[in-house]
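> Please read through the structure below; I'll follow up with questions.
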Amino acid sequence: MTYKTKTVLITGCSSGIGLATAKYFQEKGWNVSATMRNPADAPELATLPNVITPALDVNDKASITAALQATLDAFGKIDVLVNNAGYALMGAFETLDEDQIRRQFDTNVFGLMEVCRAVLPHFRQRGEGLLINVASMVGRVPLPMYSVYNASKHAVEGFTEGLVYELEPFGVRVKIIEPGAVNTNFFGRSSDRANATGESAYADISTERLGVMDAIGPGGSRPVDAAKVIWQAANDASSRLRYSVGLDAHALLAARRLLPETFFRTMIKHSLSPVSYNTLGKFLYRPKA
Ligand SMILES: NC(=O)c1ccc[n+]([C@@H]2O[C@H](COP(=O)([O-])OP(=O)(O)OC[C@H]3O[C@@H](n4cnc5c(N)ncnc54)[C@H](OP(=O)(O)O)[C@@H]3O)[C@@H](O)[C@H]2O)c1
């Protein structure tokens, strides 16, 4: 198999990390199946050589099957699957209703699992293949006002690490991407933060913390920075499992490993306060050129 003939299937390519990753792999000469819910959302991708843009909603099994078939019809095989589609449910647990919470897990966890269920038989039959799941720094460093999103990404971490052992005998490899803040629609259109239950006890703290997150967003890593890390993971033949994106993720994941638990939690508690943001945060999250 030549380098140029490799094929990647990516979910959630309408914007942000997925869009940047699709473009990056295409520039590197790969065949790209850049899937998204509505292919009309990223029309520029369909004009690029060796790119197809099948419709794929991770919550719709028929669309997953059809997108997989379209990819195999176009390129004959899939070498790498990047499960990127996802969004954040923001706000205190008590302010979120059951439907919002189920939707968060349906997309970030069960939807991701369904895409794996569709593609893994292809990998096993070929005796090779690489699964890359986009989790998050919060999959190992939970942040305040993100309790349900944290839980969904912890689930992705646990699921994916478990798969390492299940898939190894079949020659199928697995990797996890852990971005810190990345400047995408994640902080805008894609986030779900309605105070659905009308519970107001958290109003002040929620407004304060989520206000800091909104301020951080534009100063996060660029989508192409995440794409480069996904590219690195896709081309890394080693058994390394986790790849973080951005200084914030590198630093907090290292701090989690090295610092005593109680000290670490105190640090996190204060890190999203307006005072911390206006001192250290503004410096760390300067908008990138
Ligand atoms: N940005 C960050 O700071 C950050 C940090 C850590 C992890 N992440 C993770 O990175 C991944 C990509 O997010 P992003 O930052 O690039 O945000 P984004 O620009 O909002 O992109 C999210 C993508 O997921 C897609 N999506 C949502 N629900 C879907 C569904 N049911 N089926 C298929 N696609 C669906 C969206 O499609 P539509 O256009 O159809 O809505 C969009 O293409 C997510 O898993 C997110 O949790 C992001």
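The values are calculated or read from the model by the stated rules, or taken from the named source; none is laboratory data. Everything quoted here is computed from the prediction, not taken from an experiment. Reconstructed Cβ throughout: ideal geometry from the backbone, glycine too, with neighbour counts over all protein chains shown. What goes into the accessible areas is simple: the full protein's heavy atoms, side chains included, and nothing from ligands, DNA or RNA. Shrake-Rupley method; radii C 1.70, N 1.55, O 1.52, S 1.80 Å.
> Identify, from the list PHE25, PHE105, the residue that is in a helix (DSSP H, G or I), more than 14 Å from the ligand (Cβ to nearest atom) and touching a helix residue (DSSP H, G or I) at 6+ places or on another chain (Cβ under 8 Å).
PHE25
> Here's another thing I want to ask about it. Restricting to the stretch 72-85, give me the number of residues that are touching a strand residue (DSSP E or B) at 6+ places or on another chain (Cβ under 7 Å) and within 15 Å of the ligand (Cβ to nearest atom).
4
> Taking the residues in the stretch 87-97 that are modelled with pLDDT under 95 and surrounded by fewer than 20 Cβ atoms within 10 Å (Cβ to Cβ) as candidates, determine which candidate is farthest from the ligand (Cβ to nearest atom).
GLU94
> Can I ask one more? Kindly indicate the residue of the stretch 210-228 that is open to solvent by 20 Å² or more (accessible area, probe 1.4 Å) and closer than 21 Å to LEU19 by Cα and also nearest to the ligand (Cβ to nearest atom) among those meeting that condition.
Across the stretch 210-228, the extreme among qualifying residues is PRO223.
> Determine which member of the set ARG102, ARG117 is open to solvent by 70 Å² or more (accessible area, probe 1.4 Å) and farther than 28 Å from MET145 by Cβ.
After ruling out the rest, the residue left standing is ARG117.
> Then there's this: When the stretch 167-208 is examined, which residues are found to be in contact with a helix residue (DSSP H, G or I) (Cβ under 7 Å, 6 or more places away or on another chain), within 8 Å of the ligand (Cβ to nearest atom) and assigned to a loop (DSSP other than H, G, I, E, B)?
Listed by number, the residues that qualify are GLY180, ALA181, ASN183, THR184.
> If you don't mind, there's one more thing I want to ask. So for the stretch 218-230 (the condition being modelled with pLDDT under 95 and of a type in the set (A, V, I, L, M, F, W, C)), does at least one residue qualify?
No, the conditions are met nowhere in the stretch 218-230.
> Determine which member of the set LEU81, LEU45, LEU72 is among the hydrophobic types (A, V, I, L, M, F, W, C), assigned to a helix (DSSP H, G or I) and closer than 23 Å to ILE17 by Cβ.
LEU45
> While we're looking at this one, here's another question. Just a yes or no: is a residue in the stretch 53-67 more than 29 Å from GLY217 (Cβ to Cβ), of a type in the set (Lys, Arg), surrounded by 15 or more Cβ atoms within 10 Å (Cβ to Cβ) and touching a residue at least 12 places away in the same chain (Cβ under 8 Å)?
Within the stretch 53-67, none of the residues are more than 29 Å from GLY217 (Cβ to Cβ), of a type in the set (Lys, Arg), surrounded by 15 or more Cβ atoms within 10 Å (Cβ to Cβ) and touching a residue at least 12 places away in the same chain (Cβ under 8 Å).
> Starting from residues that are touching a residue at least 12 places away in the same chain (Cβ under 8 Å) and assigned to a helix (DSSP H, G or I), keep the ones in the stretch 251-272 and report whichever is nearest to GLY220 (Cα to Cα).
If we take residues in the stretch 251-272 being touching a residue at least 12 places away in the same chain (Cβ under 8 Å) and assigned to a helix (DSSP H, G or I), then LEU252 is nearest to GLY220 (Cα to Cα).
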